[in-house]
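Here's the structure, in structure tokens; my notes come after.
Readers should treat all values here as calculations from the given coordinates under stated rules, not as data from a laboratory. Note that the structure is a prediction, hence the values are computed from the model and not measured. Methodologically, a virtual Cβ is constructed for each residue, glycine included, from the backbone with ideal geometry; neighbour enumeration extends over all protein chains shown.
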Amino acid sequence: MIKQTQNGGFIKLILLFVVGIIVLSYFGFNLREILNSDAVKNNFLAVWDFLSGLWTNYCVPLFSKFFTS
């Protein structure tokens, strides 16, 4: 039986990220233009507002209930 380990997962993730950027560059995508566009900024802002509301309205009360009892 072969024993598999979880070593190297972080390095694989970094290499996958770098390869992804290289592939996007090869096909002519400019990440700076994409990330600076108003649509992307508005989408990230909407996701951030949703996660902030989720944290404030659900997670904090749940954690405070467990730690104050």
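Find which of LEU16, SER37, GLY53 sits farthest along the positive direction of the dipole of the chain, computed with +1 on the beta-carbon of Lys and Arg, -1 on that of Asp and Glu, about the Cα centre.
Farthest along the dipole direction, towards plus: LEU16.
Could you tell me which label, among (i) 8.0; (ii) 9.7; (iii) 7.6, carries the value of mean projected area of the Cα convex hull in nm² calculated for this structure?
Of the listed options (i) 8.0; (ii) 9.7; (iii) 7.6, (ii) comes from this structure.
Nearest 0.05, what FRET efficiency do SER52 and VAL23 give at R0 = 25 Å with Cβ-Cβ as r? Before the final figure, lay out each step's value.
Numbers: r = 33 Å, r/R0 = 1.31.
Working from the Cβ atoms, E equals 0.15.
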